[in-house]
Each structure stands twice: as C-alpha cells, then as structure tokens.
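The values are calculated or read from the model by the stated rules, or taken from the named source; none is laboratory data. Because the structure is predicted, anything quoted here is derived from the model rather than measured. Cβ placement follows ideal geometry from the backbone for every residue including glycine, while neighbour counts extend to all protein chains displayed. We work out accessible area using only protein heavy atoms, side chains counted, and drop any ligands, DNA or RNA first. Shrake-Rupley method; radii C 1.70, N 1.55, O 1.52, S 1.80 Å.
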Amino acid sequence: MTELHLFNSLTRQVETFTPVHEGEARVYTCGPTVYNYPHIGNMRAYVFADTLGRVLSYKGYKLTHVINITDVGHLTDDADAGEDKMEKMAAEKAQSIWDIAKHYTQAYWDDIKALNIRQPAHWSIATDYVPQMIAFAQTIAEKHCYELESGLYFDTSTVANYGALARAKTEDGEGRIEEVEGKRHAADFAIWRKTPAGETRQMEWDSPWGKGAPGWHLECSVMSEALLGLPFDIHTGGIDHREIHHPNEIAQNQARCGSDHSGARFWMHNNFLIERSGKMSKSSGEFLRVQLLIDKGFHPLAYRLMCLQAHYRSELEFSWEGLQAALVRLKRMVMGVAVVKSRHAASDDRNTDVAPAISTSLNDFEVALADDLNSAIAITTLETLIGLKKVNVEHQLSAITEMDSVLGLNMMTLTREDLRTRPKSAIITKDEIETALAARKEARAAKDFARSDLIRDELINKGVEVMDGDALEWDWKLDI
Ligand code: AMP
Ligand code: ZN
C-alpha cells in the first residue's frame, strides 16, 4: 500500500503518517459550540475530518475518532474576551443553557447525518468533563498559571516556543488587545473564569479558584487526553484554530507533559468556505445552513461533493451555481452507477479481459488520497471507474463500493429519485405532477402540441422542470 502523506501544520510540511500505536489511528476533532445552528462552513470542517477518518480506515488503521461538543466556556472572542457564547444565547432566548445546548447539539447531529459523516467513537461533551478539567488545571497551576480577580490564567512565557503552530510570539499576542487587567502577556489565556462577585451563572462549578467555569481551551486538552491518551495521532480543526485555540491547547499539553510534547503528532486544518454576501454569518436572517440547501431543493450530498471537489487546504468559495454544478455531477455519477447495476442484473459480465482498468482506477484513487487527501482527483478516478465498459461488472461494483467507503457519497444506494429533493417552496404535490404529465403524454399522442406545451409551462410556473427524453421525466426547479 502507498504510504500516507499528510500536511502537518506544526512543521508546515507534508510528512509520512506513522501511527503512535501500531495499526491504530487516534484522531481528535474540535467540534461545534452549540449556541446556534452550524453554518455550512462549519460543516466543511467535519466533512474534512470525516474524510480523513475514512482514509485512515481505508488504509487499514483501527480508527478512534473523538469529536467534542462545546457547551461551556467559548467566549464571543477566541482571544479571551467577550461573553460566554452559550450564556449570551440563553439570555437572548430566555431559555436555559442546557436546553439551548440540547437543541443545537441535535441540529448539528442532524447535519452530520445528512452529510453522511460517520459517527465518531466518542462525542465528548465538555460539561461532562469539568472535574477532570479542574484536576488538569491543578497539575499545571503552580508552575504555569497565575491567579487574578477574574480567574486563573495560563502564563504563555512558561512553555517553550509558545505559538509555534501559529508562527506567533508570546509578546505580539497576534494583535490581540489586552482585555483583561493584570494579564502578564497579551497571549495569556483563562484556564478558569471566576463568576464575578454578586453574579450567578447558569453554568458554574466550585473549584480551588472559586465558583466559575473552565476556559474554552482546557476542554480539548482534557478530553483528548482522557479518550485518546497523549500523544495521539492527529488533531483537526478549521484554520482559525491554528491561530489561538490550538496554540493554547499545545501550551497546556506542554505544561502537563513537557515542552517537547504538543499532544498530537499531526495538527491538521481545513481552510475556510468563503461566502461573500455574508449569508454565512449566524446573525444574518436566512443564514446558510444545511437545512437551507435542502429547503431550496439540493440534496445534502451535493454539498459534500462540493467540499470534496476542493482540496481541504484550499479556500472554497460557495455559490449556488457551484452547488448546482456539484448536484448535476452527483446525478451523473448516480446514473452511471445505475447503468453498471443494470448490466450486472442482465449478467452482462462476460468480458473480464480488461480488468486491469479497474485495478488502475483503484490504484490512482489510493495514490490521490495518500497525497494529503487529494479528494478532487479521487472523485475523477471514481468517475473513470463508473464509466468503464467491458469489464467484469461484479468487480466494477465492488470497486465502486470500496471507493465510496472513502468518499461517502452513498453511490451504491442513492437513486436519481433521491436527488429530486422537494423544495420548501413547492406548491404542487407529486401526484398532481404525475397527473399533469400523464395528460401531457395524452396530448402529445393526439398531436395536440399546444396543449402539451401549455401543461409544460404550467408545471414550470409551479417550479417543476419537465425533462423530455429522461427516464425520470421531471425534476424540481432549483430555487437559487
Ligand atoms: P465553532 O462552532 O465556531 O467552534 O466552529 C466549528 C468548526 O468550524 C471549527 O473547526 C472552525 O474552525 C470551523 N469553521 C468556522 N468557520 C468556517 C468556515 N467558514 N469554513 C470552514 N470551517 C469553518
Ligand atoms: Zn478544541
């Protein structure tokens, strides 16, 4: 098998993956802060982590994947300023934080499912680990932390090369404003945030530093150690985490295990999904969630394909046209697989003498993914495989299944009908469409073309596209 090469943000180089534990791969992914719905940019981070996990499984490693759910501690500014995102939303909605967390965790899990992201071995919930966070903080407090009125702070000058991941120095603080009075360095961050005197927070715990809540960075150090052991293989997150959150996690891990230990061997970051009109902002009215794509008539796997078409380290610009192109591409692949399946049903697999073409496709596929997860090329090899003729269809179908175990596009089960996603704006039922199409067929048989055109125009006005010559006959018109 081809060696797996992955880009390590720590060294800014592509390196050969060798596991910490023989035959295993242990991966930790920073999960969502569940104060609101995730936008499709957030979901790009999980499509990437899922693809990484699938590639590791494909390569034969026993995968243990952890994704955390942040339900405490994440402030409105990553650099330790502002309010707790969860507390703020709970106050705005006049609901309990626990209800807010429950609702948005479920919404996130719905998106995970819609995008065919595999379930990790553990969903670790931050509030389940507060005692362990306090215990962790106690082990590093004396040597690496100092106490202020507002909380316990990590002194970033106490570890070697603080901020190496971000390529930043302690003193420049990455342009942060020193929001907290008394902080020794701009980059120092809260390990424990005390509840201000006279206030009560919905979420607060007793600690040696008084009542309060853990700082956001602490949870990932604690949960990754608890569930994967230190060091583990790969830590992932969006590229914004390379600047503050992950350097802070690394500093905590160094404090706990020694300066040579960052916690994970590889730190990997997906680049951003960019959307220029601002619809991805959670504060915008109609913000870009997976459900919005579905409401507009897009099957969610078209978005997964859109993500996979770009390299995870490249920016990806979102546009409805781009998403539509991905949907059309997905339809073509699904129709291609249907053709292969029908050949299989007809036992049309006499010709086996071009089987090397299947092996070549599989090999190209593996080489592409081993090259720092080049999913864009991997998709083209799947398309080549689907398009192969005069090969043993049994082998062809099993090779498609194999490739799809990595790409997660549900190639073997998805049908053209499944991709006909009913938009929310639809004002006509399926039965009415079928009745209109039957009437149109009759009109055409009677050579009454005026009537047949009229029926077609009426359907178009109701958001239905009539597709003459297509076995599927009609499709919802995309609402873009
Ligand atoms: P959050 O819920 O804000 O902690 O973000 C969840 C994940 O989404 C993190 O890994 C972020 O780095 C990532 N992320 C945030 N915005 C984007 C974006 N526009 N494109 C890709 N990933 C993003
Ligand atoms: Zn994290």
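Take the Cβ-Cβ distance between Ile480 and Asp448 as r, set R0 to 35 Å, and report the resulting FRET efficiency rounded to the nearest 0.05.
0.55
What dipole magnitude, in Debye to the nearest 20, does the chain give about its Cα centre under +1 on Lys/Arg Cβ and -1 on Asp/Glu Cβ?
Roughly 1220 debye for the chain.
I'd like the FRET efficiency for Lys341 and Thr16, computed as 1/(1 + (r/R0)^6) with the beta carbon distance as r and R0 of 25 Å, rounded to 0.05.
E(calc), rounded to 0.05, equals 0.05.
So with the 1.4 Å probe, I'd like the accessible area per residue for the chain, rounded to whole Å².
Accessible surface, normalised per residue, equals 43 Å².
Enumerate the amide H contacts of Ile69 below 5 Å, restricted to partners 5 or more residues apart or on another chain; note that Pro and chain-start residues carry no placed amide H.
Hits under the 5 Å cutoff: Ser124, Ile125, Ala126.
Arg167 to Ala197: extension gain in nm, 0.36 nm per residue of separation minus the Cα-Cα distance?
7.0 nm
Can you tell me which of 419-428, 258-267, 361-370 comes out highest on packing, and rank the rest after it, using the mean Cβ neighbours within 10 Å?
Output ranking for 419-428, 258-267, 361-370: 361-370, 258-267, 419-428.
Of the beta bridges DSSP finds with both residues in the chain, what % are antiparallel, to the nearest 5?
So the antiparallel bridges in the chain amount to around 50 percent.
Can you list the HN-Hα couplings for the range 423-436, worked out from phi with the Karplus curve (6.51, -1.76, 1.60; θ = phi - 60°), rounded to whole Hz and with x for Gly and Pro?
Whole-Hz 3J(HN,Hα) from phi for the range 423-436: x, 4, 7, 4, 10, 9, 8, 4, 4, 5, 5, 4, 5, 5.
Can you tell me how much longer the chain between Lys113 and Cys257 gets when fully stretched, taken as 0.36 nm per residue apart minus their C-alpha distance, in nm with one decimal?
That pair, Lys113 and Cys257, stretches by 48.2 nm at full extension.
At 0.36 nm per residue, and after removing the present C-alpha to C-alpha distance, how many nm does the segment from Ala376 to Trp98 gain when stretched out fully?
Using 0.36 nm per residue and subtracting the Cα-Cα distance, I get 96.1 nm.
What does the charge dipole of the range 1-96 about its Cα centre add up to, to the nearest 20 debye, if the Cβ of each Lys and Arg holds +1 and the Cβ of each Asp and Glu holds -1?
For the range 1-96, the charge dipole is close to 420 debye.
Please give the calculated 222 nm ellipticity per residue for the chain, where each DSSP H segment of at least 4 residues contributes -39500 (n - 2.57) and the sum is spread over every residue; nearest 500 deg cm²/dmol?
Estimated from H runs of four or more residues: -13500 deg cm²/dmol.
What spacing in nm lies between the two simple spin-label points modelled at Asp418 and Ser405, each 7 Å away from Cα in the Cβ direction?
So the label points at Asp418 and Ser405 sit 1.8 nm apart.
In what sequence, highest mean first, do 464-474, 388-398, 242-252 appear when ranked by Cβ atoms within 10 angstrom?
So the peptides 464-474, 388-398, 242-252, ranked by packing, come out 242-252, 388-398, 464-474.
Using a 1.4 Å probe over the heavy atoms of the protein chains, calculate the carbon and sulfur portion of the accessible area of the chain as a whole percent.
Answer for the chain: carbon and sulfur cover 49 percent of the accessible area.
Of Leu148, Leu301, which has the most accessible area and how do the rest follow, probe 1.4 Å?
Accessible-area ranking of Leu148, Leu301, largest first: Leu148, Leu301.
Ranked highest first by the average count of other Cβ atoms within 10 Å around their residues, in what order do 209-216, 456-463, 126-133 fall?
Taking the mean over residues of other Cβ atoms within 10 Å, the ranking is 209-216, 126-133, 456-463.
Considering just Cα atoms, how many Å³ per residue does the convex hull of the chain enclose?
Expressed per residue, the convex hull around the Cα atoms of the chain is 152 Å³.
Determine ³J(HN,Hα), in whole Hz, for all residues of the range 259-271 in sequence, where each value follows from phi through the Karplus function 6.51 cos²θ - 1.76 cosθ + 1.60 and θ = phi - 60°; x replaces Gly and Pro.
With the stated coefficients, the range 259-271 comes to 4, 7, 9, 8, x, 10, 6, 10, 10, 10, 9, 8, 7 Hz.
Among Leu407, Trp474, Ile140, whose Cα projects farthest towards the positive end of the dipole of the chain, with charges put on the beta-carbon of Lys, Arg (+1) and Asp, Glu (-1)?
Most positive-ward Cα: Trp474.
Where the Cα atoms of the range 296-418 are projected onto their three principal axes, how long is each span, largest first, in whole Å?
45, 34, 18
With a 1.4 Å probe and all protein chains kept in place, how do Met403, Met1 rank by accessible area, largest first?
Met1, Met403
Any idea which of Leu75, His21, Leu330 is furthest toward the positive side of the dipole for the chain, if Lys and Arg beta-carbons carry +1 and Asp and Glu beta-carbons -1?
Result: Leu330.
Pop a pseudo-label 7 angstrom from the Cα along the beta-carbon direction at both Leu292 and Thr429 and give the gap in nm to one decimal.
3.1
Treating the range 5-274 as a set of equal point scatterers at the Cα positions, no solvent, please give the Debye-formula log₁₀ I(q)/I(0) at q = 0.07, 0.08, 0.11 Å⁻¹.
-0.23, -0.30, -0.59
Run the simple label-point estimate for Ser319 and Lys143 please: 7 Å along Cα→C-beta, distance reported in nm.
Result for the modelled spin labels: 5.4 nm.
Counting Lys and Arg as +1 and Asp and Glu as -1, each charge on the Cβ, what is the dipole of the range 5-274 about the Cα centre in debye, to the nearest 20?
920
Can you compute 3J(HN,Hα) from phi for each residue in the range 369-383, using the Karplus curve 6.51 cos²θ - 1.76 cosθ + 1.60 with θ = phi - 60°, rounded to whole Hz and x for Gly and Pro?
3J(HN,Hα) across the range 369-383, in whole Hz: 6, 5, 8, 6, 6, 7, 5, 4, 6, 4, 5, 5, 5, 5, 4.
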